[in-house]
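Participant: Before I ask anything, let me first share the structure, which is written out below as structure tokens.
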Amino acid sequence: MTPLEMRNERYAPLVVKNLCSRGFDACYVRTRAEALEQSLAWIPQGALVGWGGSLSVAQIGLLDAVRSTHPVLDRDAAASEEARQECMRQALLCDVFLTGSNAISEDGRLINMDGNGNRVAALTFGPRRVIVVAGMNKVVPNVEAGIERIRTVAGPVNMMRFIKSDSKTACSVTGICRNCNAPDCICNSLVITRRCRPAGRIKVLLVGEELGI
Ligand code: SF4
């Protein structure tokens, strides 16, 4: 076991305990393969599955898996931008919604900044069940550190993933967040999920590998 894996093994139980104390159903697994197995176990047979943009969910192989095991609202297969938007709207009423999280505070809060808002909307209300997949690299000491993580890591790097040649955001020009107000800003809705109601609706899967951005 590497030193980082040892650190994750010792740290994760505290974060899981704090998430559970807030009504989340949480657990820790070591590997991507275990994460895939656990997340599939959380999806009932025949459940309609939707998702938000999440590298972590894709990286554990969950998107590919559910496409062959469940009925899905596949926004990535939409034929047009209009169809994609409609798929994202429909996903707000799916049975199981899959997403990542920009950060998770040690005391068990989810911190997310959205461009379109569909991901934080689903976290807040709509889908009967939400599964959050997050590597231990997303765990931060507190909410303030989570917001800082979004400004210094997740925001600018995600901007680069989808950058258009005419982008005017501060981070796309300088690589650093300046709290911009550009038309194509991807930081529009900040949601801190501090408790889960009803209890157990949101399931958080912490993974002992680096996932996502
Ligand atoms: S510069 Fe704008 S788009 Fe980039 S991370 Fe900051 S607020 Fe978000």
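Participant: I want to confirm something. Restricting to the range 129-157 and keeping residues that are touching a strand residue (DSSP E or B) at 6+ places or on another chain (Cβ under 7 Å) and charged (D, E, K, R), which single residue is nearest to the ligand (Cβ to nearest atom)?
Facilitator: By that ranking, first place goes to ARG149.
Participant: Separate question: Does LYS164 satisfy the criteria of being farther than 19 Å from ASP25 by Cβ and touching a Pro at 6+ places or on another chain (Cβ under 7 Å)? Steps first, answer last, please.
Facilitator: Values: farther than 19 Å from ASP25 by Cβ: yes; touching a Pro at 6+ places or on another chain (Cβ under 7 Å): no.
In short, no.
Participant: Would you be able to say whether some residue in the range 100-115 is open to solvent by less than 30 Å² (accessible area, probe 1.4 Å) and assigned to a helix (DSSP H, G or I)?
Facilitator: Checked against the condition, which is being open to solvent by less than 30 Å² (accessible area, probe 1.4 Å) and assigned to a helix (DSSP H, G or I), the range 100-115 yields no hits at all.
Participant: Next question. If a residue must be surrounded by 14 or more Cβ atoms within 10 Å (Cβ to Cβ), assigned to a loop (DSSP other than H, G, I, E, B) and away from the ligand (no atom under 16 Å from the Cβ), how many such residues does the range 178-209 contain?
Facilitator: If we filter the range 178-209 for residues that are surrounded by 14 or more Cβ atoms within 10 Å (Cβ to Cβ), which is where we start, we get 180, 182, 184-187, 189-194, 196, 201-209.
Next, from what is left, pick out any that are assigned to a loop (DSSP other than H, G, I, E, B): 180, 182, 184-187, 194, 196, 201, 208-209.
So of that shortlist, the ones also away from the ligand (no atom under 16 Å from the Cβ) come out as 194, 196, 201, 208-209.
Here the count works out to 5.
Participant: Which residues, counting only those in the range 123-157, are open to solvent by 50 Å² or more (accessible area, probe 1.4 Å), among the polar types (S, T, N, Q) and part of a helix (DSSP H, G or I)? Please lay out each step first, then the result.
Facilitator: Within the range 123-157, the subset open to solvent by 50 Å² or more (accessible area, probe 1.4 Å) is 124-125, 128-129, 141-142, 144, 147-148, 151-153, 157.
Now narrow it down to the ones that are among the polar types (S, T, N, Q): 124, 142, 152.
Passing the criteria: THR124, THR152.
Participant: If you don't mind, another one. Of the numbered conditions (1) part of a loop (DSSP other than H, G, I, E, B); (2) over 18 Å from ASP25 (Cα atoms); (3) touching a strand residue (DSSP E or B) at 6+ places or on another chain (Cβ under 6 Å), ALA79 fails exactly one; give the number of that condition.
Facilitator: Going through (1) part of a loop (DSSP other than H, G, I, E, B); (2) over 18 Å from ASP25 (Cα atoms); (3) touching a strand residue (DSSP E or B) at 6+ places or on another chain (Cβ under 6 Å) one by one, ALA79 breaks only (3).
Participant: Select from the range 138-165 the residues that are free of Cβ contacts under 8 Å to residues at least 12 places away in the same chain and among the charged types (D, E, K, R) and list them in ascending order. Break it down stepwise before answering.
Facilitator: Step one: of the range 138-165, the residues free of Cβ contacts under 8 Å to residues at least 12 places away in the same chain are 144, 148, 163, 165.
Answer for the range 138-165, where residues must be free of Cβ contacts under 8 Å to residues at least 12 places away in the same chain and among the charged types (D, E, K, R): GLU144, GLU148.
Participant: Restricting the range 158-175 to residues that are in a helix (DSSP H, G or I) and more than 9 Å from the ligand (Cβ to nearest atom), which is farthest from LEU55 (Cα to Cα)? Outline the logic, then answer.
Facilitator: Initial filter on the range 158-175 (in a helix (DSSP H, G or I)): 158-161, 170-174.
Next, only the ones that are more than 9 Å from the ligand (Cβ to nearest atom) stay: 160-161.
Values: MET160: 14, ARG161: 11 Å.
Here the answer is MET160.
Here is a yes/no grid of residues against (1) within 23 Å of ALA154 (Cβ to Cβ); (2) under 18 Å from the mean Cα position of the chain (by Cα); (3) open to solvent by 50 Å² or more (accessible area, probe 1.4 Å):
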| site | (1), (2), (3) |
| --- | --- |
| VAL15 | yes, yes, no |
| CYS20 | no, yes, yes |
| GLY23 | no, yes, no |
| ALA26 | yes, yes, no |
| ALA35 | yes, yes, no |
| GLN45 | no, no, yes |
| SER56 | yes, yes, no |
| ALA77 | no, no, yes |
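Participant: May I ask you to list pairs of residues, at least six apart or on different chains, whose Cβ atoms are under 9 Å apart, with the first in the range 41-53 being within 15 Å of LEU123 (Cβ to Cβ) and the second being open to solvent by less than 50 Å² (accessible area, probe 1.4 Å) and among the hydroxyl-bearing types (Ser, Thr, Tyr)?
Facilitator: TRP51/THR99; GLY52/THR99; GLY53/THR99
The values are calculated or read from the model by the stated rules, or taken from the named source; none is laboratory data. In this text, all values refer to a predicted model and were calculated from it rather than measured experimentally. So basically every Cβ, Gly included, is an ideal-geometry build from the backbone, and we count neighbours across all protein chains shown. Side chains included, ligands, DNA and RNA excluded: accessible areas come from the protein's heavy atoms. Shrake-Rupley method; radii C 1.70, N 1.55, O 1.52, S 1.80 Å.
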